[in-house]
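The values are calculated or read from the model by the stated rules, or taken from the named source; none is laboratory data. The structure presented is a predicted model; accordingly, all values stated were derived computationally and were not measured. In this analysis, Cβ positions are derived from the backbone assuming ideal geometry, glycine residues included, and neighbour counts consider all displayed protein chains.
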Amino acid sequence: TATVLFADINGFTRLAEQLPPREVNMALNAFFSQMTDIIFKYDGTLDKFIGDALMAVFGAPMEKRDDPKRAVLAAQEMMKSLQAMMKETDRGKRFSIRIGINTGRVVAGNIGSPKRMDYTVIGDAVNVASRLESLADPNQILIGEETYHRVKDRFTIRSVGPRKVKGRTAEIMVYEVLWDIEKVSGGQ
């Protein structure tokens, strides 16, 4: 059992179109560097970078009882860190992220061909985490039902409700983890 986190830059295509490739590269590297440090701080494993997105795993290769909690803490810190980073960034170069987190059974190991293997996790829990990230609005953290049940007493969470996602016949229950102090306290 592992908790999978996907984080994707919202509006990256616009940035890539407007900025010289070198500036895009520098912005991506700064973003990935900061987010990777946060993932490692919470004992997560950086699985891979996927274009302007990243995938992290909490619980593989070694499962811990508090994997879902650490994944949500990492997501909240990623949002706050990016918010601070964007305050120091020119208005035309700012971006936001969306995060999806899901917990469930996965298969962990080397996947690929004899010429190139990569350690990763696969399974329905991974696919659902990716779909949750796709459903999220900018600056939003969405979690699946199993993650919700494991962290509901530790965070401020609101029910988004059942959602149909690509590739699944049944709807999934979706929840939002609030991280912005104004949203948590009832402002905005």
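So in the stretch 20-52, with the set limited to residues that are among the hydrophobic types (A, V, I, L, M, F, W, C) and either touching a helix residue (DSSP H, G or I) at 6+ places or on another chain (Cβ under 7 Å) or crowded, with 20+ Cβ neighbours inside 10 Å (or both), which one is nearest to ASP66 (Cα to Cα)? Reasoning before the result, please.
Filtering the stretch 20-52 for residues among the hydrophobic types (A, V, I, L, M, F, W, C) gives 24, 26-28, 30-32, 35, 38-40, 46, 49-50.
Of the ones still in play, those that are also either touching a helix residue (DSSP H, G or I) at 6+ places or on another chain (Cβ under 7 Å) or crowded, with 20+ Cβ neighbours inside 10 Å (or both) are 24, 27, 31, 35, 38-39, 46, 49.
Numbers: VAL24: 36, ALA27: 32, PHE31: 26, MET35: 20, ILE38: 16, ILE39: 14, LEU46: 17, PHE49: 24 Å.
Applying the filter and picking the extreme gives ILE39.
All conditions but one from (1) closer than 20 Å to LEU178 by Cβ; (2) free of Cβ contacts under 8 Å to residues at least 12 places away in the same chain; (3) hydrophobic (A, V, I, L, M, F, W, C) apply to ILE101; the one that does not is (2).
The C-beta contact set for the stretch 172-188 (first residue under 20 Å from LEU135 (Cβ atoms) and modelled with pLDDT under 75, second residue surrounded by 15 or more Cβ atoms within 10 Å (Cβ to Cβ) and not β-branched (Val, Ile, Thr), distance under 8 angstrom, 6+ apart or interchain) comprises ASP180/MET79; ASP180/ASN139. What are the residues in the stretch 72-103 that are of a type in the set (Val, Ile, Thr) and more than 18 Å from ALA27 (Cβ to Cβ), if any? VAL72, ILE99, ILE101, THR103, listed by residue number. Filtered by the rule that a residue be assigned to a loop (DSSP other than H, G, I, E, B), more than 27 Å from LYS64 (Cβ to Cβ) and at pLDDT 95 or above, the stretch 130-171 gives ASP137, PRO138, ASN139. Sub-7 Å Cβ pairs linking a first residue in the stretch 15-41 that is touching a residue at least 40 places away in the same chain (Cβ under 8 Å) to a second residue that is assigned to a helix (DSSP H, G or I) and charged (D, E, K, R), at least 6 apart or interchain, are LEU15/LYS93; LEU19/LYS93; ALA27/LYS93; ILE38/GLU77, ordered by first then second residue.
Only one residue in ASP67, ASP90 is of a type in the set (Asp, Glu) and surrounded by 13 or more Cβ atoms within 10 Å (Cβ to Cβ), so which one is that? Let's see the steps before the verdict.
Values: ASP90 fails: surrounded by 13 or more Cβ atoms within 10 Å (Cβ to Cβ).
Only one candidate qualifies: ASP67.
Does THR103 satisfy the criteria of being touching a Pro at 6+ places or on another chain (Cβ under 7 Å), more than 22 Å from GLN83 (Cβ to Cβ) and either among the β-branched types (Val, Ile, Thr) or assigned to a loop (DSSP other than H, G, I, E, B) (or both)? Yes.
Given the options GLY104, GLY11, name the one that is within 18 Å of the chain's Cα centre (by Cα) and under 24 Å from ARG154 (Cβ atoms).
None of the other options fit; the residue is GLY104.
Scanning the stretch 109-131 finds one or more residues that are more than 26 Å from PHE40 (Cα to Cα) and of a type outside the set (S, T, N, Q).
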